[in-house]
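Every read-out reported here was derived from the displayed coordinates using simple, explicitly stated rules and does not represent laboratory data. Every value quoted in this text rests on a predicted model; they were computed, and no experiment measured them. Cβ atoms come from the backbone with ideal geometry, glycine included; neighbour counts cover every protein chain shown.
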């Protein structure tokens, strides 16, 4: 039993890490209506910039601020140059454009900062912590706490501020939002800037877990089923989806893996996502579209 | 998503003196003559192995996806998986039924891939729009995993890779580059002809009706479920043939990694850049996706050459390739096929 | 029109000016194409390896005046480690350059080396795959142009087991041990399942296989299982990001890192450094021992690196596992060309002659000492029946900042046990593909 609990807990903590990446997608989806594949490249870019700066002996806080400035500039520029001209185009076209964008960001990041693998030490010791019968990683707990704090902060931001309210209005009905005087360009820029910040947090935590290297971009593949389960438009959904995916993956790998030959987690989350979609076609928390002729 | 071909035919005042169809047929005949006779006179091994064969095969894969997505409006990221099914099915047919001639094995391999497409397409009856990429992605990963895990499919090869058995039709050996090109080109021509007939049939009209408005299509009596599933079946079957050719006519030895998600993305780039809902668009898109990186390499060798080191040149190429994709998506909503159509009318005018 | 004519004339003149001196005096040069990958997911390993190759070529040209006076020239072609780009590069470069044929091609990647297996036979260009590639290609009768030189995956598994045997006090002590293999779930990762099953049967240890799906950036489930099974040793066969994540996850589940032995592709600085301080004590078995102290590295440092002629941008990689792997590949290639020259004359060598050179390559202790590669390259003796020639690795241990060699010389594999099974597999491949294996005598006769 304690083994099961431990697997479950490990999976849930991993799920929080997926959710952290997924939140970035949700923000951009709410603002621009696109599944931003380049979010993975942005995570890589953030982590790489931060590490490069700290290796030049910049203090942590300064490196963080400089990276944040760069990420926000990048995000706003992307929104301006790539997505603005593509407004009102099909979702698949937008998706493909962000795929092209990921080539550009990855290319530029590696051109300027090289392709070496870097260690990123945030000063959080990654050693086992005993919690009753089960053993957990201190780092994962800190990461989960940061993700939780981020979610609360973002939720407050979108509940309480004008931008948040405006954003909900836009997500509901762009035309109506425009007509009541919401300034879309400012709103877009704000949301993309926040997404840049989320990419930085995700990049730092993932980078500390696995080293800062190209494969940071692969986390996108895990974020996708999280989004589908949680719904593309809900921050809470991203967290719940992340927890479900993380736990299901870990349990499937342990109990189903040996029966089927292993590596079931490459597809299990997607199968689960399909099952969710068959019951709720717009995700757990997504808004259901109305059929119109 | 408006179809490029229909918008082209709606252009008012087409000023061609000659009726469009004969001109088209003549052009097509010339193109086929060039591909079958002209190219083999001049092409080198490099042209066959590195340019022509991959270009044709990816065009075919794009065409398959175009049937599902461009004509019937069902987004799919399972192209790589369908190609894998085609490749592994054809391999096992050739291995276990050696009496079956190569074209029959290819066709059967395609049909088996079509069945896989049918299964992956089943959720499309309930899941719509962009969310549809979820079941196709599930299919992509599940199928890739299956070929990696189950040894039977690769005849228990130690590395689960499959390699081309002897390629021959009627005793003629096709393993030379020219032979593999001939095999690829013939298969592509036959499948394209079938697809051409298909999109002009009632089935094709049903697909377009579903794409342009599912509810409306249902109201006017189009069998929506059948149209969706047949689009998945036909698209996956075409991709399956492409996959078998990719494995045997192009690479020779492959494992499931050759058909990973990147291949699916590549096919999607091809049809979106080439033109959704246009057979010619698949070929144009494939030319762009397959040839641009090669062209960039040759160009950068000539232009940048000595100044920068290899790594920087390659990174710059990647950036340019990504920027070109974004640029074309922004500038040309209907794909390169629409751009070329406009250029053509401009020239004729 | 006259402008066109003038332009044409100028071009013709320029062309003749360029062509003329090349045709006149210049002694022939040996062309050696390099299918590099400096971009994409695997650039971090590609950059130092190719620097090792290029630095050695520069050293040969500048210090030794080429191979018996034949200087090396090379082109790069970027593959991004993608199969189709690798094939394109191969096709583009296989024809040679400036009249020089291609003696050897280094595919540098498991998938692309498979895609080139048959093409290379048709083109008569030997593929040299060091530390990767098809294990069956050891049988040169069936795979005439594939050379799994140095250390196949089967040898890797066997040497790892033999190192464990050394640690526990002999092969008879292996009985009853639990050895878990945590592998990248891909054709590469599964290659060692067959030999490990055979070794487990022979020595009586328990063989546990635990797959990690690509890319392997979360392994909590796999290591939870390990904590449950409690193996004595873990053999880690990772690729890319999987290795640092495995080390970190092992540390946080409390598995002793100094009982993990990484395989060839889990044993570089790039694999361990991101794991940080918890990587201390981690072991790896490799045919590419890391160190700057080998004689040849000192020579290259003086002649190339210190003069600013190195291909390395980041000099901290000098003497690293990947850098030395490139160096070793280059040494083997150059020595094979030298061997072929002894037979065919001191001129650029063709692929077919390169094959002869490889199949008659002998790098014994004396020759290695003369090159300055003693301890860096294991003694090799290749033949038609043995395209591997070595089959031993050294064990490295990470001290938190760099690797130190901890094994007593080269840890040999049980080749006599594995070879019959390898030949059996090669014969099965030949049967499936309708290949008539070369007989050793006829191949010798053809070369005479």
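Geometric descriptor of region A:109-228, per residue, is 163 Å³ (volume of the convex hull of the Cα atoms).
Counts of other chain beta carbons within 10 angstrom of each beta carbon in peptide A:253-265 average 6.
Its DSSP H runs of at least 4 residues, each contributing -39,500 (n - 2.57), put the calculated 222 nm mean residue ellipticity of chain B at -21500 deg cm²/dmol, to the nearest 500. Using a simple spin-label model with pseudo-atoms 7 Å out from Cα toward Cβ, residue C:28 and residue A:172 lie 8.1 nm apart.
What shape does region B:92-212 have by the C-alpha gyration tensor, where a ≥ b ≥ c are the square roots of the eigenvalues, rounded means a/c under 1.5, and otherwise prolate means a/b greater than b/c and oblate the rest? Don't skip to the end; give the middle numbers.
Values: a/c = 2.70, a/b = 1.31, b/c = 2.06.
Cα axes put region B:92-212 in the oblate bin.
Taking every DSSP helix (H) stretch of at least 4 residues in chain C, weighting each as -39,500 (n - 2.57) and dividing the sum by the residue count yields a mean residue ellipticity at 222 nm of -14000 deg cm²/dmol. Distance between the pseudo-spin-label points of residue B:202 and residue A:255 (7 Å out from Cα toward the beta carbon): 5.0 nm.
Per residue of A:220-227, what is the mean number of Cβ atoms on other protein chains within 10 angstrom of that residue's Cβ?
Mean partner shielding for this stretch: 2.
In region B:4-348, Rg over Rh equals 0.97, where Rg is the alpha-carbon radius of gyration and Rh the Kirkwood radius from pairwise Cα distances. Highest average first, the peptides A:224-233, C:28-37, A:150-159 ordered by how many other beta carbon atoms sit within 10 Å of their residues are A:224-233, C:28-37, A:150-159.
With a 10 Å cut-off around each Cβ of C:425-435, the average count of Cβ atoms from other chains is 2. Between the helical axis of C:220-229 and the longest alpha-carbon principal axis of chain C there is an angle of about 50 degrees.
Given all pairs of different Cα atoms, what value in angstroms does the Kirkwood hydrodynamic radius of region B:259-349 take? Numbers along the way, then the final one.
Working: mean 1/r = 0.0698 Å⁻¹.
Across region B:259-349, the inverse of the average 1/r is 14.3 Å.
The residue B:194 and residue B:299 beta-carbon pair, evaluated with R₀ = 41 Å, returns a calculated FRET efficiency of approximately 0.65. Dividing the C-alpha radius of gyration of chain A by 2.2 N^0.38 Å, with N its residue count, gives 1.01. D for the protein assembly as shown, whole µm²/s, Stokes-Einstein with Kirkwood Rh over alpha-carbon pairs at 20 °C and 1.002 mPa s: what number? It comes out at roughly 70 µm²/s.
What FRET efficiency comes out for the pair residue B:173/residue C:428, r = Cβ-Cβ distance, R0 = 25 Å, nearest 0.05? Walk me through the numbers before you get to the answer.
Values: r = 23 Å, r/R0 = 0.92.
For R0 = 25 Å, the calculated efficiency reads 0.60.
Suppose R0 equals 41 Å. What FRET efficiency, 1/(1 + (r/R0)^6) with r the Cβ-Cβ distance, do residue A:280 and residue A:180 give to the nearest 0.05? Calculated transfer efficiency: 0.85.
Each of residue B:96 and residue B:39 was given a label point 7 Å from its Cα along the Cα-to-Cβ line. The distance between the two points is 3.4 nm. When the inverse distances between all different Cα atoms of region C:318-448 are averaged and flipped, the Kirkwood radius reads 17.1 angstrom.
In terms of its C-alpha gyration tensor, region A:1-125 comes out oblate, because a/c is 1.5 or above while a/b does not outweigh b/c. Here, P(r) means the percent of Cα pairs in each 10 Å bin from 0 to the largest distance; for chain C it is 4, 21, 31, 25, 12, 4, 2, 1, 0.
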